[in-house]
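Following: one structure in structure tokens, then a few remarks.
The values are calculated or read from the model by the stated rules, or taken from the named source; none is laboratory data. Nothing here was measured: the structure is a model prediction, and the numbers come from that model. So basically every Cβ, Gly included, is an ideal-geometry build from the backbone, and we count neighbours across all protein chains shown. Accessible surface is based on the protein model in full, side chains and every heavy atom, while ligands, DNA and RNA are left aside. Shrake-Rupley method; radii C 1.70, N 1.55, O 1.52, S 1.80 Å.
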Amino acid sequence: MSRANPFAPTALEGRSLGAEKVARLGFLVVTLLLLIPALGILAVLVVEGAPGMSLAFFTEKPRENGAAGGIATALVGTVWLTAVALAIALPVGVAAAIYLSEYARDNWLTRTINVAIVNLAGVPSIVHALFGVGAFVHFLQFGKSILAASCTLAVMTLPVVIVATRESLQAVPKAFRDASWNMGATRWQTIWHIVLPNSGSGILTGLILVVCRAVGETAPIMFTGAVFFRQLYPGGVFDKTMALSLHLFNVSTQVTNVPRHVPFAVALTLIMVVLSMNALAIWFRMKLRGRKKW
Amino acid sequence: MTTAQQPPTPHRGQPAWAAALDTRDRAWWNDLAMRGVVLAGGMSAVLFIVAIFGFIASQGFEFIVNRLDLGELLLGVRWEPTVEPPQYGALPLIAGTGWITAVAMAIAVPLAFGAAIYVGEFARGKQREWLKIGIELLAAIPSVVWGVIGLHVMKPIIQELFGVQVGLNVLNAGIILGLMAAPIMATIAEDALKAVPDSYREAAEALGATKWQVVWKVVLPHARPGLSAAVLLGIGRAFGETIAVLMASGHRLMIPESIFDSAATLTATIAAELGEAAVGGDHYQVLFVLGMLLFLITFAINLTADWIVRGRRSKA
């Protein structure tokens, strides 16, 4: 009669627990394999790009097709493109989200709209570019301009706004609406005074995500309004402009004799904008999730 | 809303009792107007999808009707739009897209599913939050930055590691695309795992199953439709990526014979050539025809993925 622990795992249980440990460790390793490249990329960009970063880099206009000077006109151009795209995508997207969350019944129309949103999000960026060229540059005769490029970006980012806003509208409890309706408020009064103020976080998250997408995209703007090289700041929505993303594409592939640190410095700038915006969105979401009382 | 309601004024020819019953005040008309506005917003997504197809088809319309030889476009091996006579055989582009997407999926599927299983089933608390944030940030890296990574970082690594001359090739683009697609696939796959009811897990655990046994025998089989949707959407994503592929693939207009050959994809070819093609010319139109092909394929992929996910949800 052995005096071993009667609760010790049997051979079979021991094998299961061993497999459990291997599985847990294995999946952790795979997850890290996915995330380590991201950290590696960041490290490479910082190390290689840091020599090119200085205040002058942000405030000087580019010279010699981008091989020398700074990125001021590209930065300003990107701000223009993003702002105009936002001004178009946000109202349309929020309206669509309100319709889907507050008015739509479960019928064929709603299903069609949902399918369209899913597909709009999945259309390749170069197809959006072709659409922009056909619809905005030629058909509506905006020409190659900030307006055409921003419209293209707006169509592309519309699903992002809709999905983020719809989620936050649906998170507002039904009881809030019931209370408002019982006071005699119309559907719109309820939305305007009760639902929207309680879902500001979602709309803001949508806004930030649109900025991220619009700042980073290259293909949709390269044929609709962004140009290779231009020293002038844009003066209005019908001007052409430089953009950060296209500038990065050009200094890394099109222009010869670019010092090695220049593309990395531009890439670092771009990724810092995108990551800080994303981090802001994440922080915002967590903060609000913690604060919500309902 | 705060002001007291005005008694309704009778319309011309309306009896007083009808006017008294008419409660359509300004708020009512406002409500009606805004209902129209948001409906229009909701319809915009449908409008844009239809418009995208319509505009792209109309730009390529003349070519499709008069000069399109579908056999040559899909099976021709020479893509030489600028020589005389021009050759529009897109097989090299289709083959390049296929190769690169296949390599990307070979990399992305294990990474994405592994990460989804770990984050969804094993990780807890803070660790889980941080991993999710990491995956989200990875998904936010812009395409053109990935392109720079392929061009300046991956290229020398591949040349060194495999001793090959050309560092911009199918492997390079595939790795880049795989890393780009993996975070999105991981997020969708994790949603699919989350959709499996907890009672299934509890039942298995009550029978003495370990976590791994629960995942392997219970969760994964039930999440299979969602996981296949994740793969499909990943393929759609890799397939439609443009700038990163253009920069990392070497853009050589020939059918690649191994993963160390440079290749060109449909998307990258449009991006590389649209700027130079004369507006309205044959070359310009054939690029729109390629765009139509891309649109139709991604449309089919997205529709199928959506159908798989929805079909499952309505059953559950």
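Any chance you could give the angle, 0 to 90 degrees and rounded to 10, that helix B:220-240 forms with the longest Cα principal axis of chain B?
Around 70 degrees separate the two axes.
With a 1.4 Å probe on protein heavy atoms only, work out how much accessible surface B and A bury together, total over both chains, in Å² to the nearest 100.
Numbers: alone 18440 and 16800 Å², together 28310 Å².
Summing both chains' loss of accessible area gives about 6900 Å².
How far apart, in nanometres, would the label points at B:R26 and B:A300 be if each is projected 7 angstrom from Cα along the Cα-to-Cβ direction?
5.6 nm
Test of understanding: extend the Cα→C-beta vector of A:L109 to 7 Å, then name every residue of segment B:15-35 with backbone N under 15 Å from that spot.
B:32-35
If you take every residue apart from B:M43 with its C-beta less than 14 Å away from the C-beta of B:M43, what net charge results, scoring Lys and Arg +1 and Asp and Glu -1?
+2
Taking 8 Å as the Cα distance limit and 6 or more residues as the minimum spacing, I'd like the relative contact order of segment A:91-175 as a percentage.
Values: 53 pairs, mean separation 41.6, N = 85.
Contact order relative to length: 49 percent.
Rounded to the nearest 500, what is the protein assembly as shown's calculated 222 nm mean residue ellipticity when only DSSP H runs of at least 4 contribute -39500 (n - 2.57) each, over all residues? List each step's numbers first, then the result.
Numbers: 26 runs with 408 residues, N = 610.
Helices in the protein assembly as shown give a 222 nm mean residue ellipticity of -22000 deg cm²/dmol.
Using a cut-off of 15 Å between alpha-carbon atoms, which aspartates and glutamates can reach A:K287, once sequence neighbours fewer than 8 places away in the same chain are excluded?
B:E129
Tell me, what is the FRET efficiency for B:R67 and A:L55 to the nearest 0.05, using R0 = 51 angstrom and their Cβ-Cβ distance as r? Numbers along the way, then the final one.
Working: r = 56 Å, r/R0 = 1.09.
Rounded to the nearest 0.05, the efficiency is 0.35.
Just to confirm a number: summing +1 for Lys and Arg and -1 for Asp and Glu over residues other than A:A74 whose beta-carbon lies under 12 angstrom from that of A:A74, what do you get? Provide the component values of the computation, followed by the final result.
Values: positive: A:K61, A:R230; negative: A:E60.
Result for the local shell: +1.
What is the distance in Å between the Cα centroid of segment A:53-108 and that of segment B:77-111?
Here the two parts' Cα centres lie 31 Å apart.
When the Karplus curve 6.51 cos²θ - 1.76 cosθ + 1.60 is applied with θ = phi - 60°, which whole-Hz ³J(HN,Hα) does each residue of segment A:94-102 get, with x for Gly and Pro?
5, 4, 4, 5, 4, 4, 5, 8, 9
How far apart, in nm, are the 7 Å Cα→Cβ label points at B:A40 and B:K126?
Roughly 5.2 nm, to one decimal.
Using 1/(1 + (r/R0)^6) with R0 = 45 angstrom and r between the beta carbons of B:Q14 and A:K287, what's the FRET efficiency to the nearest 0.05? If you can, show how the numbers build up before the last one.
Values: r = 55 Å, r/R0 = 1.21.
Efficiency at R0 = 45 Å is approximately 0.25.
Using modelled backbone amide H atoms (1.01 Å from N, in-plane), which distant-in-sequence or interchain residues come within less than 5 Å of B:G89's amide H?
Placed amide hydrogens put B:R78, B:W79, B:E80 under 5 Å from B:G89.
Label A:F228 and A:N5 with points 7 Å out from Cα along Cα→Cβ: what is the distance between them in nm?
7.3 nm
Given the pairs B:K155/B:K194; A:K21/B:K132; A:K174/B:K217; A:K144/B:K132; A:K144/B:K155, which span a C-alpha to C-alpha distance of over 32 angstrom in this model?
Pairs exceeding the cut-off: B:K155/B:K194; A:K174/B:K217; A:K144/B:K132; A:K144/B:K155.
Can you work out the FRET efficiency for the pair B:I133 and A:T256, with r the C-beta to C-beta distance and R0 = 41 Å, to the nearest 0.05? Display every interim value, and only then the final one.
On the way: r = 40 Å, r/R0 = 0.96.
With a Förster radius of 41 Å, E is 0.55.
Below 15 angstrom from the Cβ of A:C212, what's the summed charge of the other residues (Lys, Arg +1; Asp, Glu -1)? Don't skip to the answer; put the middle values down first.
Working: positive: A:R213, A:R285; negative: A:E217, B:E136.
Its environment carries a net charge of 0.
For chain A, what does the alpha-carbon gyration tensor say about shape, rounded, prolate or oblate, given a ≥ b ≥ c as the root eigenvalues, a/c under 1.5 as rounded, and a/b over b/c as prolate? Provide the component values of the computation, followed by the final result.
Details: a/c = 2.32, a/b = 1.19, b/c = 1.95.
Oblate is the answer for chain A, as a/c is 1.5 or above yet b/c matches or exceeds a/b.
Which of the three applies to the protein assembly as shown, rounded, prolate or oblate, going by the alpha-carbon gyration tensor with a ≥ b ≥ c and a/c under 1.5 meaning rounded?
On the way: a/c = 1.63, a/b = 1.07, b/c = 1.53.
Oblate.
Return the long-range amide H neighbours of A:G69 (sequence gap of 5 or more, or a different chain), with a cut-off of under 5 Å between placed amide H atoms.
A:R63
Note down the Stokes-Einstein diffusion coefficient of chain B in µm²/s, whole number, using a Kirkwood radius over alpha carbon pairs, 25 °C, and 0.890 mPa s. Before the final figure, lay out each step's value.
On the way: Rh = 23.5 Å.
After rounding, the answer is 105 µm²/s.
Taking Cα centroids, how far is segment B:203-219 from segment A:132-168 in Å?
Segment B:203-219 and segment A:132-168 have Cα centres separated by 48 Å.
Pairs of Cα atoms under 8 Å, at least six residues apart: use those to get the relative contact order of segment A:60-290, whole percent. If you can, show how the numbers build up before the last one.
Working: 331 pairs, mean separation 69.7, N = 231.
That works out to 30 percent.
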